[in-house]
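The values are calculated or read from the model by the stated rules, or taken from the named source; none is laboratory data. Note that this is a predicted model, so its numbers are computed, not measured. So basically every Cβ, Gly included, is an ideal-geometry build from the backbone, and we count neighbours across all protein chains shown.
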């Protein structure tokens, strides 16, 4: 897809970098989830800063209490940066991680109906996390629901313990 084929090309993220310096290595499942979320997000997203036109480069990193968003122009010039406190997302991320582990285990050993039940719970928590994330980003960036879901996936990977 060329830039001229994508409507609203300026209101999007075109590059994502996860700053995971000092973080433990990811499990194969988490690495896979990260790769899919980044690919999906780059392919289709709606993301815009109120004061600056895009497209944007997004650098995300985490510490024990915050997620750091560093938003840059496509040329790499800093446009905005902010911290997002993890408090409102911490329980959702912990529950989501637990259900994901159950889901990955179930794929190997459970019946299709058991897998489906776990997957429904996983999707529900994912939706809940993306709604909270979208609300927390309100006023800083404007994103749609699909973009919030993919960003939530990336944050979960950043908060993974390995």
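Is it the case that region 89-96 has a residue that's over 20 Å from residue 32 (Cβ atoms), under 15 Å from the mean Cα position of the chain (by Cα), surrounded by 16 or more Cβ atoms within 10 Å (Cβ to Cβ) and in contact (Cβ under 8 Å) with a residue 12 or more places away in the chain? Taking every residue of region 89-96 in turn, at least one turns out to be over 20 Å from residue 32 (Cβ atoms), under 15 Å from the mean Cα position of the chain (by Cα), surrounded by 16 or more Cβ atoms within 10 Å (Cβ to Cβ) and in contact (Cβ under 8 Å) with a residue 12 or more places away in the chain. Only one of the numbered conditions (1) under 27 Å from residue 28 (Cβ atoms); (2) in contact with a helix residue (DSSP H, G or I) (Cβ under 9 Å, 6 or more places away or on another chain) is not met by residue 88, and that is (1).
Each row is one residue, and each column tells you yes or no for (1) at pLDDT below 90; (2) under 27 Å from residue 13 (Cβ atoms); (3) exposed (fewer than 13 other Cβ atoms within 10 Å of the Cβ); (4) under 14 Å from the mean Cα position of the chain (by Cα).
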{"residue": "85", "(1), (2), (3), (4)": "no, yes, yes, no"}
{"residue": "113", "(1), (2), (3), (4)": "no, no, yes, no"}
{"residue": "149", "(1), (2), (3), (4)": "no, yes, no, yes"}
{"residue": "160", "(1), (2), (3), (4)": "yes, yes, no, yes"}
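If you check 76, 81 for being on the phi > 0 side of the Ramachandran plot and surrounded by fewer than 17 Cβ atoms within 10 Å (Cβ to Cβ), only one passes: 76. Given the criteria under 13 Å from the mean Cα position of the chain (by Cα) and surrounded by 13 or more Cβ atoms within 10 Å (Cβ to Cβ), does residue 154 qualify? In short, yes. Summed over region 60-73, the residues that are surrounded by fewer than 18 Cβ atoms within 10 Å (Cβ to Cβ) and closer than 30 Å to residue 9 by Cβ give a count of 4.
If you go through region 118-140 and keep only what is surrounded by 14 or more Cβ atoms within 10 Å (Cβ to Cβ), in contact with a helix residue (DSSP H, G or I) (Cβ under 9 Å, 6 or more places away or on another chain) and more than 21 Å from residue 30 (Cβ to Cβ), you end up with 131, 134, 136, 137.
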